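*Asks:* Just dropping this structure here.
Bear in mind these aren't lab numbers, they're just calculated from the coordinates by the rules spelled out. Computed from a predicted structure; not experimentally measured. A quick note on method: Cβ atoms are made from the backbone with ideal geometry, for glycine too, and the neighbour counts reach across all protein chains shown.
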Amino acid sequence: MATTVRFGVLGAARIAPAALLRPAASNPEVTVDAVAARDLGRATDFATRHKIAKVVAGYQDIVSDPALDAVYIPLPNSLHAEWTLAALAAGKHVLCEKPFTSNADEAERVASAARRGAERSGLVVMEAFHYRHHPLAHRMREIAASGELGRLRHIETWLCAPIPNKSDIRYQYELAGGAMMDMGSYVVHMARMLGGEEPAVVSARAKLHSPDVDRAMSAQLQFPRGHTASVHCSMWSSSLLHLSARAVGDAGELRVFNPIGPQYTSWLTVRSGGGRRIEIPSRRPTYAYQLDRFCDAVLRGQPTLTGPDDAVANMTVLDAVYRAANMRVRGA
């Protein structure tokens, strides 16, 4: 039985050090053994900086390498489905950055392949919603579902952070960019987590960078049991920096500052029963918890929180938001 997970990385992406390389350095069950980038010089520089032994020019060389167990995919959104499918076909486990794919149809195709891979070979596919694996997310969900707030009425989630470089891939429709695809995937996911069921999209309003690319988006959601949600995200708007979540019931309220990156600074406040308390979450990085969970799934067969079925459900809402805002679904 394997005792380590040997990773290859597709692309020398800016997110890779925080999301994989640094947590792997302190995780005895993980090694990062290879990196590929279309610019071999960039891949070589990246490997030198992060002490990665093997550098190759082609993504397929990573996917096909028999010395590797898993592939980390931080590529542009439009390439997630292609390379997750390639990795599964080669018998590799996959940790894929969010959003899982360009749209829900792609997500379902990848999920179908992942189910077959799980049944035949025990392959694990996990979408990299790192915040969901932190104890803070568990606590948020626990409080919302516990009855302490009474009957849940409304949820609000916000993730607004400036991306001023308009040449960034997140502003390119062809690469499945847009605020809802980037920041919005988090706020929708968090609303679903707190809501406890799958919502319908009632309305959506975009602020545009170009006719097909949103720089900001707000949407109203309705859950089957009657509670509602408002989700807000932006890459460039008057809300330059806003990171929060709120759940309101008929007997109390939960507020969280910075639920996405509690390792930096974060707190949770609950008002209920005439009292108020503050909880300060663990400062251990969300990415370290995510890698722990990935290893638990690969090495010990434990379930994941952000697997393919969850990814399909999240992409379904993202597509519906774009349609409600009278915008093209990504990859359409």
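*Asks:* Tell me the angle of helix 308-324 to the major Cα principal axis of the chain, expressed in degrees between 0 and 90 and rounded to the nearest ten.
*Replies:* With both axes taken from Cα atoms, the answer is about 60 degrees.
*Asks:* Right, here's the next one. Counting other beta carbons within 10 Å of each residue's own, what order do Thr44, Thr304, Thr286 fall into, fewest first?
*Replies:* The fewest-first ordering by Cβ neighbours comes to Thr44, Thr304, Thr286.
*Asks:* Taking the Cα centre of the chain as the origin, how large is its charge dipole in debye, to the nearest 20, when only Lys and Arg (+1) and Asp and Glu (-1) carry charge on their Cβ atoms? Don't jump to the answer; show the numbers that get you there.
*Replies:* On the way: 38 positive and 32 negative charges, 160 e Å.
The dipole magnitude comes to about 760 debye.
*Asks:* Spin-label point model (7 Å from Cα, Cβ direction): what's the Ser121 to Ala18 distance in nm?
*Replies:* Spacing of the two 7 Å Cα→Cβ label points: 3.2 nm.
*Asks:* Filter the cross-link list Lys51/Lys166; Lys92/Lys166; Lys54/Lys98; Lys51/Lys92 down to pairs whose alpha-carbon distance in this structure exceeds 29 Å. Show your work: numbers first, answer last.
*Replies:* Numbers: Lys51/Lys166 32 Å; Lys92/Lys166 35 Å; Lys54/Lys98 26 Å; Lys51/Lys92 22 Å.
Checking Cα-Cα distances, Lys51/Lys166; Lys92/Lys166 exceed 29 Å.
*Asks:* Here is a further query. Starting with the fewest neighbours, write out Asp319, Asp61 ranked by other beta-carbon atoms found within 10 Å of each beta-carbon. Provide the component values of the computation, followed by the final result.
*Replies:* Details: Asp319 21, Asp61 14.
Sorted ascending by nearby Cβ count, the order is Asp61, Asp319.
*Asks:* Could I ask something else about it? When the helices in the chain are scored as -39500 (n - 2.57) per DSSP H run of 4 or longer and the sum is shared across all residues, what 222 nm value do you end up with, to the nearest 500 deg cm²/dmol?
*Replies:* After summing the helix terms and dividing by the residues of the chain, the value is -10000 deg cm²/dmol.
*Asks:* On to the next question. Between Ala25 and Glu82, how high is the FRET efficiency from 1/(1 + (r/R0)^6) when r is the Cβ-Cβ distance and R₀ = 45 Å? Nearest 0.05.
*Replies:* 0.95
*Asks:* Also, quick follow-up: Give, as a single signed number, the net charge of other residues whose beta carbon lies under 15 Å from the beta carbon of Ala206, with Lys and Arg counted +1 and Asp and Glu -1.
*Replies:* +3
*Asks:* What three numbers, in Å, describe the spread of the alpha carbons of the chain along their principal axes, ordered from the longest?
*Replies:* For the chain, the Cα extents along the three principal axes come out at 58, 45, 37 Å.
*Asks:* Still on this structure: Please say if region 1-135 is rounded, prolate or oblate, where rounded means a/c under 1.5 for a ≥ b ≥ c the square roots of the C-alpha gyration tensor eigenvalues, and otherwise the choice is prolate for a/b larger than b/c and oblate otherwise?
*Replies:* Cα axes put region 1-135 in the rounded bin.
*Asks:* Taking region 135-283 on its own, what percent of its Cα-Cα pair distances exceed 26 Å?
*Replies:* Taking all Cα-Cα pairs of region 135-283, the fraction more than 26 Å apart is 28 percent.
*Asks:* Let me ask another. Arrange Ile73, Ile15, Ile280 by Cβ neighbour counts within 10 Å, fewest through most, would you?
*Replies:* With the fewest neighbours first, Ile73, Ile15, Ile280 line up as Ile280, Ile15, Ile73.
*Asks:* Starting at the first residue of region 117-131, write each ³J(HN,Hα) from the Karplus equation 6.51 cos²θ - 1.76 cosθ + 1.60 with θ = phi - 60°, in whole Hz, x for Gly and Pro.
*Replies:* With coefficients 6.51, -1.76 and 1.60, one gets x, 5, 5, 7, 10, x, 5, 10, 10, 9, 7, 7, 7, 4, 4 Hz.
*Asks:* Also, I was wondering about something else. Modelling each spin label as a point 7 Å along the Cα-to-Cβ direction, I'd like the Ser282/Ser146 distance in nm, to one decimal.
*Replies:* My value for the distance between the label points is 1.8 nm.
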